[in-house]
1. Select from region 61-117 the residues that are in contact with an Asp or Glu (Cβ under 6 Å, 6 or more places away or on another chain) and of a type in the set (A, V, I, L, M) and list them in ascending order.
2. Among the helices (runs of 4 or more DSSP H) contained in region 34-98, which hold 3 or more residues that are surrounded by 12 or more Cβ atoms within 10 Å (Cβ to Cβ) and within 13 Å of the chain's Cα centre (by Cα)?
3. Hey, does region 52-68 have a residue that's among the small types (Gly, Ala, Ser) and touching a residue at least 60 places away in the same chain (Cβ under 8 Å)?
4. Report yes if some residue within region 69-78 is without any contact (Cβ under 8 Å) to a residue 24 or more places away in the chain and among the aromatic types (Phe, Trp, Tyr); otherwise report no.
5. Do you know which residues across region 88-109 are within 19 Å of Thr52 (Cα to Cα), charged (D, E, K, R) and in contact (Cβ under 8 Å) with a residue 12 or more places away in the chain?
6. What pairs come up if the first residue lies in region 35-48 and is within 19 Å of Ser18 (Cβ to Cβ), the second is among the small types (Gly, Ala, Ser) and surrounded by fewer than 17 Cβ atoms within 10 Å (Cβ to Cβ), and their beta carbons are under 8 Å apart, counting only those six or more places apart or on different chains?
7. In region 16-26, how many are part of a strand (DSSP E or B) and under 14 Å from Ala105 (Cβ atoms)?
8. Restrict the check to region 26-44 and report whether at least one residue is of a type in the set (Gly, Ala, Ser) and in contact with a Lys or Arg (Cβ under 9 Å, 6 or more places away or on another chain).
Amino acid sequence: MEQFSYDRAALALRKPQSYLVFDKNKLVAAVLRTFYNRDEYFKIFNGELSHTNPSFVIKDDYAEDIKAKGYSLNASRIAVLNEACFSQIGKFLPPDIEILEFGIAVGVHPSYMRLKM
């Protein structure tokens, strides 16, 4: 799970839109975000951009993809699900979108949550 977490954090830190929240010297929250410019869309969305009638493709079996990921079983499941969804976003984007921003992860210390959940 550590490598999976590191990979997600590294993705967010390449284009810093992330935030760390401190209460004095105590880290109480982190928000990891990243963004993509139009010139990156073709590569990250496998050339599938702005379809007139897009459809979401779901494979019958993701077992081999999960095994090939190399993370722990649960982290690999999350990564494969994330990639299966993310790689198809481009088909659904309107052609005039210039910048696309994503939240990758959010963590808040429980005692700093309003509802203490």
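1. Within region 61-117, the subset in contact with an Asp or Glu (Cβ under 6 Å, 6 or more places away or on another chain) is 80, 90-91.
The one that is in contact with an Asp or Glu (Cβ under 6 Å, 6 or more places away or on another chain) and of a type in the set (A, V, I, L, M): Val80.
2. Values: elements: 38-44, 63-69, 73-86, 89-92.
Here the list reads 73-86.
3. Scanning region 52-68, I find no residue that is among the small types (Gly, Ala, Ser) and touching a residue at least 60 places away in the same chain (Cβ under 8 Å), so the answer is no.
4. The answer is no, given that none of the residues of region 69-78 is without any contact (Cβ under 8 Å) to a residue 24 or more places away in the chain and among the aromatic types (Phe, Trp, Tyr).
5. Answer for region 88-109, where residues must be within 19 Å of Thr52 (Cα to Cα), charged (D, E, K, R) and in contact (Cβ under 8 Å) with a residue 12 or more places away in the chain: Lys91, Glu98.
6. As it stands, the answer is Ile44/Ser87, since those pairs meet every condition given.
7. Let us first name the residues in region 16-26 that are part of a strand (DSSP E or B), namely 19-23, 26.
Then drop every residue that is not under 14 Å from Ala105 (Cβ atoms), which leaves 19-21.
Looking only at that region, the number is 3.
8. Step one: of region 26-44, the residues of a type in the set (Gly, Ala, Ser) are 29-30.
Next, only the ones that are in contact with a Lys or Arg (Cβ under 9 Å, 6 or more places away or on another chain) stay: none.
Scanning region 26-44 turns up no residue that is of a type in the set (Gly, Ala, Ser) and in contact with a Lys or Arg (Cβ under 9 Å, 6 or more places away or on another chain).
Any read-out appearing in this document is the output of simple, stated calculations on the displayed coordinates, not a laboratory observation. Everything numeric here is computed off the predicted structure, so don't read it as measured data. Quick reminder, even Gly has a Cβ in these numbers, built from the backbone with ideal geometry, and neighbours come from all protein chains shown.
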